[in-house]
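Okay, so here's the structure we're looking at.
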Amino acid sequence: MILIVFFSVKMKIVIMAVDGGHRDGGCDWDGRWNHVKKFLERPGPFTHPDFEPSTESLQFLLETCKILVIGAGGLGCELLKNLALSGFRLIHVVDMDTIDVSNLNRQFLFRPKDVGRPKADVAADFINSRIPGCKVVPHFKKIQDFDDSFYRQFHIIVCGLDSIIARRWMNGMLISLLSYEDGVLDPSSIIPLIDGGTEGFKGNARVILPGMTACIDCTLELYPPQINFPMCTIASMPRLPEHCIEYARILQWPKEKPFGGKLKYIFFYFNLITLCNLLPVHLYNKETSLDGDNPEHIQWVFERSQERAAEFSITGVTYRLTQGVVKRIIPAVASTNAVIAAACATEVFKIATSAYIPLNNYLVFNDVDGLYTYTFEAERKENCSACSQVPQDLQFPPSAKLQEVLEYLTENASLQMKSPAITTTLEGKNKTLYLQSVKSIEERTRPNLCKTLKELGLSDGQELAVADVTTPQTVLFKLNFTA
Ligand SMILES: [Zn+2]
């Protein structure tokens, strides 16, 4: 709490010092911002202890404060609308997607005529034409297409993403912008990150002050890759309709091979949005086996699931649910997006104005059964690979193979890298030990995976630089040989 109070006061100074202001006369009719003025121009029981009501804060929102919204989907549409109606006018939005017809039920800035167009462009056009004076600048791009100079221009960044990799990358980018003097963090280099995520009826909102409070990677291991339902439940004690569907899918399908074909078992990383970040999901290869898009396949699984459900007096197995379980569809729920985006936009408002104490720092929301919210302070991880500035240790015996190091980097709960590229310096030369993303280099370096660290010429204390899609910066590891 003390940290946050301290920061928001500092922040005010920092923000006020930045002036990229522009004037937009004419569109602010009498009473237009009364709803915002109520928060900023009078004291109240919940205001920040250091808050002094004034007209300056509103002017700051309207003319100076620059916000970046990442994602123009379910959360992004809500965020843009909320921010624009709260007085923020200088907003940029980044989204690499185009509009699909299935988005239209909740991504309310889009219309049927917009299908196929970039989400960022359409969302920006809609807001700009509907809310006078608002200047949303769209970027139909990936976040990775921009460098630090782009991100540095914003006062606050809000994420409404459905990908943990993108979220971690953004987190890493903001950490890379921090500057330290004699080991002391310069608060003016901090860009607050407000992160929202939803998954069905669950969601979370969090406030991250990079370098000061827990970052995305600090909390990564709270949510280890989670396998869906325990096999014993599916096989012997089903309680839910989903258990019956999983029984038909995992056990009956490969055994009975209703449509012929060979079974292939693959791991599939499924980007979930919020609490359980990466679920390795067992799927069956489409060409040879169960195809979630094939109605006959789904019908078969549906019928078997019904039989199984009847046996255990379980109700609720439907065709739609069967398809959802087989295809791992987590329905997007408009009301969850609305709640989480509202919480995020409120935090942006609180930090930009310093009028209220920001969320400290992690809010979970759940309305699967009744309504539940809970806020807790996620703690920084001392040796977080993203934000701690502490060298990362790798403990391996010299006889360990490079493959084991690779597996550690991808499977360790607090690292969860995707396709790490490992380089080092040997005899003064840069050497790529393994790199997956470029085919020719992968082929050339693949034999290294079977070699031991000793055979590769690595020594105790050797530094390994690891690059990965989860971070814009390479992570340095120090190899510690164990006996
Ligand atoms: Zn961290």
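The values are calculated or read from the model by the stated rules, or taken from the named source; none is laboratory data. Remember, predicted model here, so these are calculated numbers, not experimental data. All Cβ positions, glycine included, derive from the backbone under ideal geometry; neighbour counts span all protein chains shown. These area figures cover heavy atoms from the full protein model, side chains too; ligands, DNA and RNA do not enter into them. Shrake-Rupley method; radii C 1.70, N 1.55, O 1.52, S 1.80 Å.
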Taking Val93 as meeting all but one of (1) β-branched (Val, Ile, Thr); (2) open to solvent by less than 10 Å² (accessible area, probe 1.4 Å); (3) more than 21 Å from the chain's Cα centre (by Cα), write down the number of the exception.
-> (3)
Return yes or no: is Ile190 buried (at least 21 other Cβ atoms within 10 Å of the Cβ), under 21 Å from the mean Cα position of the chain (by Cα), farther than 30 Å from Gln59 by Cβ and within 16 Å of the ligand (Cβ to nearest atom)?
-> no
For residues that are part of a loop (DSSP other than H, G, I, E, B), of a type outside the set (S, T, N, Q) and loosely packed, with under 14 Cβ neighbours inside 10 Å, tally how many sit in the range 455-483.
-> 5
Taking the range 384-406 only, how many residues are part of a loop (DSSP other than H, G, I, E, B) and away from the ligand (no atom under 16 Å from the Cβ)?
-> 4
Check on Ser102, buried (at least 21 other Cβ atoms within 10 Å of the Cβ), polar (S, T, N, Q) and at pLDDT below 95 | no
Would you be able to say whether some residue in the range 139-153 is aromatic (Phe, Trp, Tyr), open to solvent by 10 Å² or more (accessible area, probe 1.4 Å) and without any contact (Cβ under 8 Å) to a residue 24 or more places away in the chain?
-> yes
Are any residues in the range 355-390 open to solvent by 60 Å² or more (accessible area, probe 1.4 Å) and free of Cβ contacts under 8 Å to residues at least 12 places away in the same chain, and if so, which ones?
-> Asp369, Leu371, Tyr372, Thr373, Tyr374, Glu382, Asn383, Val390
Residues of the range 416-436 classified as in a loop (DSSP other than H, G, I, E, B), surrounded by 13 or more Cβ atoms within 10 Å (Cβ to Cβ) and either free of Cβ contacts under 8 Å to residues at least 60 places away in the same chain or hydroxyl-bearing (Ser, Thr, Tyr) (or both), total = 5
Number of the condition not met by Asp145 [criteria: (1) touching a helix residue (DSSP H, G or I) at 6+ places or on another chain (Cβ under 8 Å); (2) away from the ligand (no atom under 16 Å from the Cβ)] | (1)
What residue, of Val325, Val317, Val368, is of a type outside the set (Lys, Arg), more than 17 Å from the chain's Cα centre (by Cα) and either modelled with pLDDT of 95 or more or in a helix (DSSP H, G or I) (or both)?
-> Val325
Checking Lys381 against (1) under 30 Å from Asn171 (Cβ atoms); (2) more than 16 Å from the ligand (Cβ to nearest atom), which test does it fail?
-> (2)
Exactly one of (1) of a type outside the set (Phe, Trp, Tyr); (2) within 27 Å of Ser189 (Cβ to Cβ); (3) away from the ligand (no atom under 15 Å from the Cβ) is unmet by Ser419. Its number?
-> (2)
